[in-house]
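A short worksheet on the structure shown next.
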Amino acid sequence: MLMPPPPNSSSSILRKSRFSPYLFTLVVFIFFVSILRKDLACVFSQQLQLDLAPATEKKREKLAFEIGKLEGCDVFSGSWVRDEVTRPLYDESDCPYIPPQLTCQKHGRPDRSYQYWRWQPHGCNLPRFNASMMLESLRGKRMMFVGDSLNRGQYVSMVCLLHSLIADDAKSMETFDSLTIFTAKEYNMTIEFYWAPFLLESNSDNAVIHRISDRIVRRDSINKHGRHWKRVDIMVFNTYLWWITGSNMKILQGSFEDEAQDIVELSTEDAYRMAMKSMLRWVRKNMDPKKTRVFFTAMSPSHGKSIDWGGEQGDNCYNQTTLIEDSNYWGSDSKKSLMKVIGEVFSRSKFPITFLNITQLSSYRRDAHTSIYKKQWSPLTPEQLANPVSYADCIHWCMPGLQDTWNELLFTKLLYPH
């Protein structure tokens, strides 16, 4: 009897290995659950890291007087916009504190066009100067401007922007040698100016008689003036113009009282660096970064050479009533080497210094200088009267005018520093 043939081995194996529909579904389910579990674990892990990141990231400390932010906006980069609605911010005749060297209308300037320009940053709108808010910020405080006559101009501008909100019998201005103090009794606050054109002690420290061609600065002498700056809440420094002598700076090693004076010469850049470092050391020792603010106003440009903007040889700001339109304009009187020194020194400062970078925006304003429309220090000669260019002041600024914009920027950086 023949035996039946053996079953086909391959078909047998297939039959034995075939999963039931239920078992197959279970295996697939387990497989997908395991993958999903890993994905979910990864997602939750990433979400946890994202949630924790802000908590572990070091937060920037809020600066004194700060109330908000202007993120992503360089307020010093922009253009001038004609504005006859909101400008000027006050009238020359309404501010009795403007010195006669800056009252251009009173001294015969025939136009007012310089008063009707508003600075417009490219990336945002500059907050309008709010005198009430500024006064409240200054309540019980001391604000001081320290530097030369250009800083005194900014000081006077700030007083002019605020004084109309203060009753006549509740405000006063007094001068004591190098120190001028505007007091607002109702607010228990002062706005002050201290004459120190080099910040350090110098032979030009007399607040009235300081026209000295052979300028000498004493090394490591900032405490001579700095003792008058202590307990100030908002400090605004400037120093630039007096360092521009056309030659090296003379630096006194000892004292002005020494019979034999030890004087060395330094390049303008090295001498300026010495002053900047001294200023920062004083700030670090005497100012509290949690309660006070320190500003430094950049160099104020002059317009003494019209060839800088394509004008005639020998001309200057006299009779200029229009702005310079070249956005890349930089006058030859503004030394970039000193700007570089400021950047180098300030970048190493552990104390937060707010830099008011007004140089570029002011360089467009050849129209805004006092020119010949001011009180003159001495009677003019017939030769000068015959040639107004020869005595035009292309350094200082008419009020109201450009320096009010500087204070709008100061106001912005005080309350909205970032």
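Those strands (runs of 3 or more DSSP E) of region 162-202 that lie entirely within it include none in which at least 3 residues are of a type outside the set (Val, Ile, Thr) and more than 16 Å from Met144 (Cβ to Cβ).
Any chance region 105-117 includes a residue that's without any contact (Cβ under 8 Å) to a residue 60 or more places away in the chain, outside any helix (DSSP H, G or I) and under 26 Å from the mean Cα position of the chain (by Cα)? Looking through region 105-117, at least one residue is without any contact (Cβ under 8 Å) to a residue 60 or more places away in the chain, outside any helix (DSSP H, G or I) and under 26 Å from the mean Cα position of the chain (by Cα). Is there a residue being touching a Pro at 6+ places or on another chain (Cβ under 9 Å), surrounded by fewer than 16 Cβ atoms within 10 Å (Cβ to Cβ) and either free of Cβ contacts under 8 Å to residues at least 60 places away in the same chain or farther than 24 Å from Trp195 by Cβ (or both) anywhere in region 81-103? Taking every residue of region 81-103 in turn, at least one turns out to be touching a Pro at 6+ places or on another chain (Cβ under 9 Å), surrounded by fewer than 16 Cβ atoms within 10 Å (Cβ to Cβ) and either free of Cβ contacts under 8 Å to residues at least 60 places away in the same chain or farther than 24 Å from Trp195 by Cβ (or both). A Cβ distance below 6 Å, combined with a sequence gap of six or more or placement on separate chains, defines the contacts here; from region 122-149, residues that are of a type in the set (Ser, Thr, Tyr) reach residues that are buried (at least 16 other Cβ atoms within 10 Å of the Cβ) and assigned to a loop (DSSP other than H, G, I, E, B) in the pairs Ser137/Phe65.
Within region 383-396, residues that are of a type in the set (Val, Ile, Thr) reach partners that are open to solvent by less than 40 Å² (accessible area, probe 1.4 Å) with beta carbons closer than 6 Å, at six or more positions or on different chains, in the pairs Val389/Asn316; Ile395/Ser302.
Here Asp315 does not qualify as in a helix (DSSP H, G or I) and either acidic (Asp, Glu) or free of Cβ contacts under 8 Å to residues at least 60 places away in the same chain (or both). The set of residues from region 118-142 being under 30 Å from Lys291 (Cα atoms), within 22 Å of the chain's Cα centre (by Cα) and open to solvent by 70 Å² or more (accessible area, probe 1.4 Å) comprises Asn125, Arg128, Glu136.
Taken across region 256-267, residues that are of a type outside the set (D, E, K, R), under 14 Å from Leu200 (Cβ atoms) and in a loop (DSSP other than H, G, I, E, B) do occur, with at least one present.
Candidates are the residues of region 169-190 that are within 16 Å of Ala131 (Cβ to Cβ) and without any contact (Cβ under 8 Å) to a residue 40 or more places away in the chain; the one that is surrounded by the fewest Cβ atoms within 10 Å (Cβ to Cβ) is Ala170.
Of all residues in region 255-303, those satisfying the criterion of being touching a Gly at 6+ places or on another chain (Cβ under 8 Å) and closer than 18 Å to Phe145 by Cβ are Trp282, Asn286, Thr297. Checking each residue in region 157-168 for being surrounded by fewer than 23 Cβ atoms within 10 Å (Cβ to Cβ) and either within 30 Å of Met274 (Cβ to Cβ) or polar (S, T, N, Q) (or both) picks out only Ser164. Gly304 meets each of the listed conditions (1) surrounded by 16 or more Cβ atoms within 10 Å (Cβ to Cβ); (2) touching a helix residue (DSSP H, G or I) at 6+ places or on another chain (Cβ under 6 Å); (3) not in a helix (DSSP H, G or I) apart from (2). For region 321-418, the helices (runs of 4 or more DSSP H) that sit wholly inside it and include 1 or more residues that are surrounded by 17 or more Cβ atoms within 10 Å (Cβ to Cβ) are 336-346, 359-363, 402-415. Remark: pairs (first residue in region 407-418, over 13 Å from Leu89 (Cβ atoms) and in contact (Cβ under 8 Å) with a residue 60 or more places away in the chain; second residue open to solvent by 10 Å² or more (accessible area, probe 1.4 Å) and β-branched (Val, Ile, Thr); Cβ separation under 9 Å; 6+ apart in sequence or on different chains) = Leu410/Thr354; Lys413/Thr354; Leu414/Thr354; Leu415/Ile67; Tyr416/Ile67; Pro417/Thr354.
The values are calculated or read from the model by the stated rules, or taken from the named source; none is laboratory data. Note that this is a predicted model, so its numbers are computed, not measured. When we count neighbours, we look across all protein chains shown, and the Cβ atoms used for this are built from the backbone with ideal geometry, even at glycine. Note: accessible area is taken over every heavy atom of the protein model, side chains too, but ligands, DNA and RNA are not part of it. Shrake-Rupley method; radii C 1.70, N 1.55, O 1.52, S 1.80 Å.
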